[in-house]
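One structure below.
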Amino acid sequence: MQEIQELQSKLGYFFKKIELLNQALTHRSACKIHNERLEFLGDSILSFVITNNLYHRFPEVDEGNMSRMRATLIRGNTLAKLAKEFDLGNCLWLGIGELKSGGFQRESILANAVEALIGGIFLDSNIKNTEKIILNWYGTRLIKINPGDKQKDPKTRLQEYLQGRGLPLPNYLVVQVRGEAHEQEFIIHCKISGVQKPIIGIGSSRRKSEQSAAVQALKILEIA
């Protein structure tokens, strides 16, 4: 399949065991053999690789700042951006329902697939090779990142912005929860004093959807 070959070229890795790649690209809505276990493995590997890189690059930086930098690098929207750079959505295997609802574009599904690919690459090779590939994927993102306010999570930045201007804190309201228990999607409406434009966040958990809404709010307030 041409798309799979092109994907491997973009990833910078060609699988020896193609079944691992196929599994990494398979959403649980499509098949009993899906990518959630690989995602679980890849999540931990990604966290280790990024943590190790930051630890050695910033020997004078405290734990709090390093944690915020790591959170910025491994959060869902960052992984979804990587997935889009790989055109990963075109290669995912989704169930009919997910296809109809645009699952191949959903950030949570894309981010999970990136983590699953990391898990698959590790099982297909070794940790040293996997680390090299991850660092290559991140490229300038790692070079540009530095300790500072920009690394605070979106909710914290939004809260501090409003507090600094004597404004009420944002109100996050769950307006809808859709999907089955294993694949829920939360839709949050964020209300901010003086902002009339609807601010909506979507994520696989309440926390993630609130962060997503905060990102949208920061953009509206032009402080993203």
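The values are calculated or read from the model by the stated rules, or taken from the named source; none is laboratory data. A quick note: this is a predicted structure, and the numbers were derived from the prediction, not measured. FYI the Cβ positions are ideal-geometry reconstructions off the backbone, even for glycines, and counts take in every protein chain you see.
General observations
- Among the residues of region 174-220, those that are among the hydrophobic types (A, V, I, L, M, F, W, C) and farther than 15 Å from residue 157 by Cα comprise 174, 175, 177, 181, 186, 187, 188, 195, 199, 200, 202.
- Selection status of residue 30, surrounded by 17 or more Cβ atoms within 10 Å (Cβ to Cβ), of a type in the set (Gly, Ala, Ser) and modelled with pLDDT of 95 or more: no
- Within region 53-90, the set of residues being under 18 Å from residue 12 (Cα atoms), in contact (Cβ under 8 Å) with a residue 40 or more places away in the chain and either in contact with a helix residue (DSSP H, G or I) (Cβ under 6 Å, 6 or more places away or on another chain) or aliphatic (A, V, I, L, M) (or both) comprises 82, 86, 88, 90.
- Residue in region 200-223 that is modelled with the highest pLDDT, counting only those that are part of a loop (DSSP other than H, G, I, E, B) and surrounded by 14 or more Cβ atoms within 10 Å (Cβ to Cβ): 221
- Residues within region 130-164 that are farther than 25 Å from residue 44 by Cα and among the hydrophobic types (A, V, I, L, M, F, W, C), tallied: 2
- For region 35-52, the criterion of being free of Cβ contacts under 8 Å to residues at least 24 places away in the same chain and closer than 30 Å to residue 102 by Cα is met by at least one residue.
- Restricting attention to region 53-68, the residues that are among the aromatic types (Phe, Trp, Tyr) and under 22 Å from the mean Cα position of the chain (by Cα) total 1.
- Some residue of region 50-61 being among the hydroxyl-bearing types (Ser, Thr, Tyr), in the same structural domain as residue 32 (by the TED database) and either surrounded by 17 or more Cβ atoms within 10 Å (Cβ to Cβ) or at pLDDT 95 or above (or both): yes
- Among the residues making up region 157-199, those that are under 16 Å from residue 209 (Cα atoms) and of a type in the set (Phe, Trp, Tyr) are 172, 186.
- Single residue of 108, 101 found to be in the same structural domain as residue 23 (by the TED database), touching a Ser or Thr at 6+ places or on another chain (Cβ under 7 Å) and not basic (Lys, Arg): 108
- Output for region 149-199, where each listed residue is small (Gly, Ala, Ser), modelled with pLDDT of 90 or more and assigned to a helix (DSSP H, G or I): 164
- Residue check for residue 140: modelled with pLDDT of 90 or more and surrounded by fewer than 16 Cβ atoms within 10 Å (Cβ to Cβ): yes
- A count restricted to region 98-122 and to residues that are modelled with pLDDT of 85 or more and aromatic (Phe, Trp, Tyr) stands at 1.
- Elements of the type helices (runs of 4 or more DSSP H) sitting completely within region 1-120 and holding at least 2 residues that are within 23 Å of residue 201 (Cβ to Cβ) and hydroxyl-bearing (Ser, Thr, Tyr): these cover 63-74.
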